[in-house]
Amino acid sequence: ACTGIENIDEAITLLEQNNWDLVAAINGVIPQENGILQSEYGGETLHGPAYGPTSHSTAASTPSSSSAFRHVVPSRQIVERQPRMLDFRVEYRDRNVDVVLEDSSTVGDIKHILENELQIPASKMLLKGWKTGDVDDSTVLKSLHLPKNNSLYVLTPDLPPPSSSHSGALQESLNQNFMLIVTHREVQREYNLNFSGSSTIQEVKRNVYDLTSIPVRHQLWEGWPPSATDDSMTLAVSGLTFPCHRLTVGRRSSPVQTREQSEEQCTDVHMVSDSDGDDFEDATEFGVDDGEMFGVASSALRKSPMMPENAENEGDALLQFTAEFSSRYGDCHPVYFIGSLEAAFQEAFYGKARDRKLLAIYLHHDESVLTNVFCSQMLCAESIVSYLSQNFITWAWDMTKEANRARFLTMCTRHFGSVVAQTIRTQKTDQFPLFLIIMGKRSSNEVLNVIQGNTTVDELMMRLMAAMEIFSAQQQEDIKDEDEREARENVKREQDEAYRISLEADRAKREAQEREMAEQFRLEQIRKEQEEEREAIRLSLEQSLPPEPKEESTESVSKLRIRTPSGEFFERRFLASSKLQVVFDFVASKGYPWEEYKLLGTFPRRDVTQLDPNKSLLEVKLYPQETLFLEAKE
């Protein structure tokens, strides 16, 4: 009525951008020259058509009115616009600074004021806490559509921390990363989200909205610490458990109110400009339904499809089905398997016999007159929900749209045969919803029962229990067969293992023998090579020796007698002028290389091998004769 915006999604988006500050939202979209919008309680004057709160007598006289505001004929006199003042409370470590500015000022103006108050250069400040998109120093405050009262905080990552341990701990917390494990209650799905300590609770809720499609105003949370009372609060000071904290979110159900309560509460709705975040909740809290608020029937808003038409992914379709089912009939309902029908078969039928379950397929149809009663009174009954969760895997499909109906009939023909598909095809709309009970068998899947919507809780429970009796008998047989098969397989595995161990032992023994033989052969080869090498050296030395002088030689001759370690003796004559090396070569030619043996003299006892080999026998006093003996070196 105020703005001419008829698209509800657009209107809600504008309200969320302005933290549900109705005056700020209207002021942001109405052209300046159109008039004045006044808030009776805020005392502010804004351009736009004038509207005021509806009086009690007006609401009582027109109970069918769906608007919380009445039109006031704008005055012909144009009132000059007064500047709108904004209040900011800025937190920096252990200090709070209050700043009041006109909405025509910029973010940089706030920083300049803080620069004087905090004695911190503006270039070193990071001003955080804005609830709208990216903000820089040139951003005009008016363009952010802020409420009158705002909370901000300053970060100075480039400056050293203060000496105070409390301030240091706060700064450290702002730089830490928190892992939030958020459970979406309706679909039983967990999200692991990382946020810095400087992020606000409002930012967390907006991120969860992107994941779950639950608007911030409809989110119902569990797990926030008692100290987390303000959505503008940062995670670092909210009291969350570091490094990991668990939260649960669900969709808030709208309270049911009588028309008298609605009329009475309509008179208390005022245009308050200082509303913050989620303080302005769903309009149903004031007795005005979402649909009535905008002149649209509420049933038309809630009648969103259970499942998208021509959904490419069955898992995504089941997620929407579960969320929509919860929003219509509450959180107490069967836990629907999220995934394809083939995946549901795998979960129900192809595990171990003791873990197998029946498969229950719920076929929904929005156009059936039985659907609401069947879902709310039977399918959501606690006894039915508990029995299904213990004994069944429950899978669901929406047959309202023709494309989805055709897709399920194709799946039905492939998995259950044409007879079952034809049976479902011939069901009339008023016979829906249907509940199919499927039991898996060795070669096929058998449909035990098709339960139509015109039943009672007791009858539904009796038919589920009857199907369980048939399944239990089959399950016991399967367990027996499986145990016998496992016993046979265990015996075979034990035999195979014993045979494998025996083969391993034989192979290890054979390999050890082969290694031993190879090592002996290698050592023998080395020994032969060494002997051949020694023999070659001995022959070479023997050939290089000078001829033995004769006894009647005219030259001085030294006669040496050498005793071996084995007790044998060998003798030879050498010229007294011969070098000691000739004696060494002679001894080596007999198989006693001087590198391995010492040649010792007797009187006096000395090690001849330590003497200079280039000296003559005469010089080393091995003349005219000497007895030497060989001794192996250590």
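The values are calculated or read from the model by the stated rules, or taken from the named source; none is laboratory data. What you see is a predicted model, and the numbers here were worked out from it, not measured in a lab. Please note: Cβ atoms are built from the backbone with ideal geometry, for glycine as well, and neighbour counts cover all protein chains shown. When the accessible area is computed, the model is the full protein with side chains, heavy atoms only, and any ligands, DNA or RNA have been set aside. Shrake-Rupley method; radii C 1.70, N 1.55, O 1.52, S 1.80 Å.
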Qualifying position, being surrounded by 13 or more Cβ atoms within 10 Å (Cβ to Cβ), modelled with pLDDT under 85 and of a type outside the set (Lys, Arg), among GLN171, GLN119: GLN171
Answer residue from the stretch 422-436, given it is of a type outside the set (S, T, N, Q) and free of Cβ contacts under 8 Å to residues at least 40 places away in the same chain and is most open to solvent (accessible area, probe 1.4 Å) among those: LYS428
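Every residue, every condition in (1) over 20 Å from ASN614 (Cα atoms); (2) not assigned by the TED database to the domain that holds TYR597, yes or no:
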residue	(1), (2)
GLU535	yes, yes
LEU541	no, yes
SER544	no, yes
PRO549	no, yes
GLU552	yes, yes
ARG561	yes, no
GLU568	yes, no
ARG573	no, no
LEU580	no, no
Residue tally, condition in a helix (DSSP H, G or I) and surrounded by 12 or more Cβ atoms within 10 Å (Cβ to Cβ), over the stretch 443-461: 4
Which listed residue is acidic (Asp, Glu), in contact with a strand residue (DSSP E or B) (Cβ under 9 Å, 6 or more places away or on another chain) and not assigned by the TED database to the domain that holds GLY417, from GLU459, GLU489, GLU514, GLU497: GLU459
Residue match in the stretch 433-442 (condition: touching a Leu at 6+ places or on another chain (Cβ under 9 Å), closer than 23 Å to ILE384 by Cα, in the same structural domain as ALA343 (by the TED database) and not in a strand (DSSP E or B)): yes
Residue under evaluation VAL369, criteria (1) assigned to a helix (DSSP H, G or I); (2) open to solvent by 10 Å² or more (accessible area, probe 1.4 Å); (3) not acidic (Asp, Glu), criterion not met: (1)
Selected residue (criterion: surrounded by the most Cβ atoms within 10 Å (Cβ to Cβ)) from residues of the stretch 542-579 that are free of Cβ contacts under 8 Å to residues at least 40 places away in the same chain and polar (S, T, N, Q): SER578
